[in-house]
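A short write-up of the structure that comes next.
The values are calculated or read from the model by the stated rules, or taken from the named source; none is laboratory data. Since we're looking at a predicted model, the values are computed, not measured. FYI the Cβ positions are ideal-geometry reconstructions off the backbone, even for glycines, and counts take in every protein chain you see.
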């Protein structure tokens with residue numbers, strides 16, 4: 001399980017620009033209800049939990065409380081059709097959409113691909129088609145976020161990737177509680193092997209890059225971004241972007257996952273490992 005500290009929860013209202021070109025549909029019962037993992041999430045009144053039955057009426061995302069953005073462009077080269085490729089029997093993008101909806105978020109998928117848009121709206125997300133300037137391989141995710149959020153008032157937003165299959169609704173809910181003290185809460189995981197023991201080849205000779213560490217017990221644990229979720233203060237993010245700083249430069253809290261709970265998916269080997277981890281966890 002991820003490592004958390006503290007308790008409590010708050011929700012901050014985030015208004016959505018009514019003039020943006022959004023498409024999608026509302027719903028009464030979620031189409032993933034028959035297959036989504038049986039994770040129960042306490043409702044706002046603290047009474048009975050609900051399962052895949054988001055409290056939203058037809059009318060779409062406009063005026064919603066909490067916004068989760070899922071950037072999902074087409075054209076993946078290493079894994080063709082990656083963002084809608086079947087993962088354990090379902091298009092992979094359906095997993096983070098269902099998780100965010102169960103956590104009480106309105107979900108907005110930013111894409112440039114008609115098929116991704118169709119898959120996303122079919123399971124309750126809204127879709128916005130990004131401009132051509134934000135559709136290339138070189139585009140940073142921060143640029144996509146800023147384009148969507150720059151006109152909003154103060155609030156909190158979440159970003160999940162289409163491959164965020166391991167996160168449960170309660171993880172997002174718990175992440176919000178840390179925004180009293182931090183501007184960003186995101187998932188991190190320890191490096192599989194101490195990076196301080198890394199080797200390099202110089203002039204044909206192999207040598208340690210950091211020769212100071214002789215014993216493994218003396219090496220401090222180092223972490224990297226697990227790429228599962230980012231819950232952040234919108235005002236702080238936009239201010240950082242405007243001075244050319246990254247989202248990870250914000251005052252941040254890291255939720256620590258172990259390597260069995262997350263998987264970066266960049267190759268087909270990664271994909272197969274992720275499916276094995278997912279099935280082994282009984283999700």
(request) Go through segment 110-124 and give me each residue that's within 13 Å of residue 70 (Cβ to Cβ) and outside any helix (DSSP H, G or I). (result) 110, 111, 113, 123, 124
(message) Anything in segment 129-143 that is over 17 Å from the mean Cα position of the chain (by Cα) and surrounded by 12 or more Cβ atoms within 10 Å (Cβ to Cβ)? List them, or say none.
(response) 129, 130, 134, 135, 139
(request) Identify the single condition in (1) loosely packed, with under 12 Cβ neighbours inside 10 Å; (2) touching a helix residue (DSSP H, G or I) at 6+ places or on another chain (Cβ under 9 Å); (3) over 24 Å from residue 145 (Cβ atoms) that residue 242 does not satisfy, given that it satisfies every other one. (result) (3)
(request) Inspect segment 258-271 for any residue being free of Cβ contacts under 8 Å to residues at least 12 places away in the same chain and surrounded by 12 or more Cβ atoms within 10 Å (Cβ to Cβ) and give the result as yes or no. (result) yes
(request) Might you let me know whether segment 68-75 holds any residue that is surrounded by fewer than 18 Cβ atoms within 10 Å (Cβ to Cβ), over 16 Å from the mean Cα position of the chain (by Cα) and modelled with pLDDT under 95? (result) yes
(request) State the number of residues belonging to segment 156-207 that are in contact (Cβ under 8 Å) with a residue 60 or more places away in the chain, in contact with a strand residue (DSSP E or B) (Cβ under 8 Å, 6 or more places away or on another chain) and not in a helix (DSSP H, G or I). (result) 22
